[in-house]
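J.: First the structure, then my questions, so here it is.
The values are calculated or read from the model by the stated rules, or taken from the named source; none is laboratory data. Predicted model only: the values in this text are computed from it and were never measured. Cβ sites come from the backbone with ideal geometry, for glycine too, and all protein chains shown count toward neighbours.
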Amino acid sequence: MSRGAVTRDLLIAQARWLKMPGLLRAFEACARQAREEKWTHEEYLYEVLCAEQTSRNDSAVRTRLREARFPELKTLDTFDFRAVEGVSPTEIADLARGDYIARKENVIFAGPIGTGKTHLATALGIEAAKQKRRVLFVRAADLVRSLVEARDQRELGRLTRRLQAVDLLICDELGFVPFDRAGGELLFNALANRYERGSVIVTTNLSFAEWVRVLGSDEKLTTALLDRLAHHATVITTKGKSYRMRRRQPRSMAPTPEAPTD
Ligand code: ADP
Ligand code: MG
């Protein structure tokens, strides 16, 4: 075996042992380029370390995305701002930078079904995950079910800590299913616990006046929750027709062009 081949094998083993997959993938191509372009040793070292850094960053983002449990990976670049009223691209771009998460503020998307609330909430969550923030996406009904189950199994403390540990909790579809009083209280506690401690994004098809229906018709609880959620919140009200319905509209329903007049 040549000296070069021995070194190569040792290097591969060493990179594996040190858990440096980016370096492992890059070192040979970089070495070739380094020879061709006469890089210094320092330049070569810098390039392979950059490859390792990129690889670690990518894998951290992949982990964050997996942990967030998004039902679908809807991103900002597939969102058509012209198709919805009430959503400003600049405002969303501003939110995408994630400063509201650092400030532990909230975002509320309210509006009719199919107007892009879940899409936007997911897209903001993905941006946060790319910034390596811990995100968790849950449907309100699933969250309440998990809370009730955890309470019954005396594991509420653990679930509460898990919910507290994320930087951004996305609670989707608040108001789709009304909860009984106990469920309402559990949800209230889960969301109110995050007040000024961590961000929440809520999507809802209800207007604030209708929120009392959500928390087991408990007006006091609802007012208290709204107070906390909306205190430091950007409220975005989506308007217009359902995006899905619009796309599905058959041609025959489109207005017929006017007959030319002569
Ligand atoms: P909502 O949560 O408000 O009910 P969704 O976000 O689930 O609505 O949107 C319904 C479907 O339409 C999704 O597949 C979503 O990606 C798509 N959609 C909605 N609004 C837009 C838009 N403005 N641009 C691109 N896709 C959209
Ligand atoms: Mg939705």
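J.: Would you be able to tell me the number of residues in the stretch 101-117 that are farther than 13 Å from Val87 by Cβ, within 9 Å of ligand 2 (Cβ to nearest atom) and under 15 Å from the mean Cα position of the chain (by Cα)?
T.: 0
J.: Report, by residue number, each residue of the stretch 68-91 that is surrounded by 13 or more Cβ atoms within 10 Å (Cβ to Cβ) and free of Cβ contacts under 8 Å to residues at least 40 places away in the same chain.
T.: Of everything in the stretch 68-91, just one residue is surrounded by 13 or more Cβ atoms within 10 Å (Cβ to Cβ) and free of Cβ contacts under 8 Å to residues at least 40 places away in the same chain, namely Phe81.
J.: I would also like to ask the following. Yes or no: Gly98 out of contact with any Ser or Thr (no Cβ under 6 Å at 6 or more places or on another chain), on the phi > 0 side of the Ramachandran plot and surrounded by 15 or more Cβ atoms within 10 Å (Cβ to Cβ)?
T.: yes
J.: Can you find even one residue in the stretch 29-49 that is away from ligand 2 (no atom under 16 Å from the Cβ), within 28 Å of the chain's Cα centre (by Cα), in a helix (DSSP H, G or I) and modelled with pLDDT of 95 or more?
T.: Scanning the stretch 29-49, I find no residue that is away from ligand 2 (no atom under 16 Å from the Cβ), within 28 Å of the chain's Cα centre (by Cα), in a helix (DSSP H, G or I) and modelled with pLDDT of 95 or more, so the answer is no.
J.: Leu24: assigned to a helix (DSSP H, G or I) and in contact with an Asp or Glu (Cβ under 9 Å, 6 or more places away or on another chain), yes or no?
T.: yes
J.: For the stretch 204-229, give me the residue count where each residue is β-branched (Val, Ile, Thr), more than 16 Å from ligand 1 (Cβ to nearest atom) and within 17 Å of Asn106 (Cα to Cα).
T.: Looking only at that region, the number is 2.
J.: Against the definition (away from ligand 1 (no atom under 16 Å from the Cβ), surrounded by 11 or more Cβ atoms within 10 Å (Cβ to Cβ), among the hydrophobic types (A, V, I, L, M, F, W, C) and over 30 Å from Thr237 (Cβ atoms)), how does Leu10 come out, yes or no?
T.: no
J.: Separate question: Restricting to the stretch 74-107, name every residue that is of a type in the set (Lys, Arg) and modelled with pLDDT of 95 or more.
T.: Residues satisfying the conditions are Lys74, Arg97, Arg103, Lys104.
J.: Turning to a different aspect of this structure: Name the residue that is nearest to Lys132 (Cα to Cα), counting only residues in the stretch 59-86 that are in contact with a Lys or Arg (Cβ under 9 Å, 6 or more places away or on another chain) and part of a loop (DSSP other than H, G, I, E, B).
T.: Filtering the stretch 59-86 for residues that are in contact with a Lys or Arg (Cβ under 9 Å, 6 or more places away or on another chain) and part of a loop (DSSP other than H, G, I, E, B), the one nearest to Lys132 (Cα to Cα) comes out as Pro71.
J.: Related question: Cβ-Cβ distance below 6 Å, separation of 6 or more or different chains: which pairs start in the stretch 115-130 with a residue that is over 21 Å from Lys241 (Cβ atoms) and end on one that is at pLDDT 95 or above and within 13 Å of ligand 1 (Cβ to nearest atom)?
T.: That search, which allows pairs on different chains as well, returns Gly125/Phe137; Gly125/Ile170; Ile126/Thr75.
J.: Looking at the stretch 17-28, which of its residues are over 32 Å from the mean Cα position of the chain (by Cα) and surrounded by fewer than 15 Cβ atoms within 10 Å (Cβ to Cβ)?
T.: Trp17, Glu28
J.: Now for a separate question. When you scan the stretch 76-94, do you find a residue that is within 27 Å of Gly125 (Cα to Cα), basic (Lys, Arg) and in contact with a helix residue (DSSP H, G or I) (Cβ under 7 Å, 6 or more places away or on another chain), even just one?
T.: Within the stretch 76-94 (the criterion being within 27 Å of Gly125 (Cα to Cα), basic (Lys, Arg) and in contact with a helix residue (DSSP H, G or I) (Cβ under 7 Å, 6 or more places away or on another chain)), the answer is no, since none of the residues qualifies.
J.: Still on this model: Tally up the residues in the stretch 98-113 that are closer than 20 Å to Thr237 by Cα and either within 16 Å of ligand 1 (Cβ to nearest atom) or outside any helix (DSSP H, G or I) (or both), please.
T.: 10
J.: Residue by residue through the stretch 147-174, note down the ones that are within 16 Å of ligand 1 (Cβ to nearest atom) and either modelled with pLDDT of 95 or more or not hydrophobic (A, V, I, L, M, F, W, C) (or both).
T.: Ile170, Cys171, Asp172, Glu173, listed by residue number.
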